[in-house]
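Scroll down for the structure; my scribbles are underneath it.
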Amino acid sequence: MAPVVNIGQLHQHVGSSVTIEGWLYNKRSSGKIHFLQVRDGTGLVQCVVVKSAVTPEIFERSGLLTQESSCRVSGLVRQDDRAPGGYELDVEGIEIVQIAQEYPITHKEHGVDFLMDHRHLWLRVPRQRAIMRVRAEVQRAIFDFLDNRGFTRVDPPILTPSSCEDTTELFQTKYFDEEAYLTQSGQMYMEAAAMSLGRVYSFGPCFRAEKSKTRRHLIEFWMVEPEMAYVDHDENLRIQEQLVSHVVEHVLHHCEAELHTLGRDVEKLAKVPGSFPRMSYDDAIAWLRKNGFDIEWGDDFGAPHETALAGQYDQPLFIERYPTKIKAFYMQPDPLRPEVVLCADMLAPEGYGEIVGGSQRIADYELLNTRFDEHHLPRDTYAWYLDLRRYGSVPHSGFGLGLERTIAWICGLEHIREAIAFPRTLYRLYP
Ligand code: 4AD
Ligand code: MG
């Protein structure tokens, strides 16, 4: 049999006979020719089986192939500019690996619930494959960026004795005789690690039992969380905009075909890299009120507010300095205005909402101690976190970038559920 190659590498084999190993995506037939569209994970190629050019067995075998049947196809690689991908295979041989019986996902339209019930199969369509490729490249870009700037990756625990964000969203579980929670964020552990290594980041799953059924919420999502010693609020924002710019540039460069498959308007993405606009929470409230929103200073933003605010710009928008009372206990108050904190949310353009949340952290022992009282945080489980403010405390900042929200935005997805292979959403744990 001719050597096995990837469909994505066919351009290196024009004029030679090769074998591809894959699955039948689609098929058209005239009496004398079968056109087999075969995919192998690296691409899709049309394989042309001409009755007069192959043995009767091979022609018959190709006729037996049904959608998603697995097969090895060998043939001569021919350049064809009309073909999707630019190449075709003139078939010389076919080996059936398995015939798929009545594959449930046809080339017709299917409802979302049906597709979600068949997520294990839905992943095979070119669109879903493209999203998973972009996801992998987004991760690679994040690691490239941070690893090249002196960050060390540190892995925080998944099982924790305490919460980091809103306590109403905790997943509780038994840890032998103790109560434990699935992590909402690795931040507090990253703060400890930053005091050892200077600049660190974590990348892992986070769990939020949010009773939110929106296009932006997952129950289990992945977050990258950089944490940096001796970095203040302003530098925190600069690092965030550089990271997000780098990710977008990397995807534009490495995922051209995938973005094309997704029908993404790449002109919009091309406008992203650079420094991002900034707006204070105060100005955001004033702008919203002027534009007919019923909102007051002290209220948190909902999706419509974020969409409207970010809709004014081509680039992500930072909203800075939120009211202290609506943000997390660990955020550093603005020294000139303690009613606001040195934090920012980065809102993606085109209605995707908050993709990054970050802040400068409280470094002062007394102040953090007071916050513990105000928020009724149990001393026993948080004692170690206070310790960080007793032994060489320094100004430090960090942020969390939600991977799936970032992917949903970059890919132009309607809903965040497509940004992860097996989404965990409200009331859905299957497959
Ligand atoms: O704003 P959040 O809650 O911030 C934190 O957890 C901080 N401790 C991070 C840090 O400073 N190290 O979450 C950060 C990001 C959000 O901006 C969003 O992109 C994503 O995580 N996120 C979610 N993504 C999908 N589904 C959810 N339910 C999400 N909740 C947060
Ligand atoms: Mg947030």
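The values are calculated or read from the model by the stated rules, or taken from the named source; none is laboratory data. As the structure is a computational prediction, the values presented were derived from the model and not from experiment. Because the Cβ atoms are built from the backbone with ideal geometry, glycine has one as well, and the counts that use them run over all protein chains shown. Only protein heavy atoms, including side chains, enter the accessible area calculation; ligands, DNA and RNA are left aside. Shrake-Rupley method; radii C 1.70, N 1.55, O 1.52, S 1.80 Å.
Worth pointing out:
- Virtual spin-label span in nm between K271 and V394, 7 Å along Cα→Cβ: 4.0 nm
- Cut-off under 5 Å, modelled amide H: who pairs with E68 long-range: L24, Y25
- Only Cα pairs under 8 Å and 6+ residues apart enter the sum, and on that basis the relative contact order of the chain stands at 13 percent.
- Potential lengthening between D299 and S17 on full extension [0.36 nm per residue; Cα-Cα distance subtracted]: 94.9 nm
- For region 135-199 versus region 31-56, the gap between their alpha-carbon centres in whole angstrom: 49 Å
- Sparsely packed chymotrypsin sites (Phe, Trp or Tyr not before Pro) within region 347-415, loop by DSSP, other Cβ within 10 Å at most 14: Y391
- Phi-derived couplings, Karplus 6.51 cos²θ - 1.76 cosθ + 1.60 at θ = phi - 60°, listed residue by residue for region 165-179: 10, 5, 5, 6, 10, 8, 8, 9, 8, 8, 10, 6, 8, 9, 8 Hz, with x used for Gly and Pro.
- Annotation for H376 and R153: the two label points, set 7 Å from Cα along the Cα-Cβ direction, are 4.0 nm apart.
- Extension gain, F176 to R78: 0.36 nm times the residue separation minus the Cα-Cα distance gives 29.0 nm.
- For K27, the lysines whose Cα falls under 18 Å of its own Cα, not counting residues fewer than eight places away in the same chain, are K51, K108.
- Axis angle, to the nearest 10 degrees, between helix 187-197 and the longest C-alpha principal axis of the chain: 80 degrees.
- Estimated vicinal HN-Hα couplings, Hz - region 70-82 in sequence order (Karplus 6.51, -1.76, 1.60; Gly, Pro = x): 8, 7, 10, 10, 10, x, 8, 7, 10, 6, 8, 5, 7
- Simple spin-label estimate for R28 and E235 in nanometres, 7 Å along Cα-Cβ: 6.0 nm
- Selection of GluC sites (Glu not before Pro), region 269-341, meeting DSSP coil and at most 16 other Cβ within 10 Å: E296
- Region 281-355 and region 87-112 have Cα centres separated by 49 Å.
- Surface accessible to a 1.4 Å probe, S29 within the full protein complex, Å²: 70 Å²
- Protein heavy-atom accessible surface, 1.4 Å probe, per residue over region 291-431: 41 Å².
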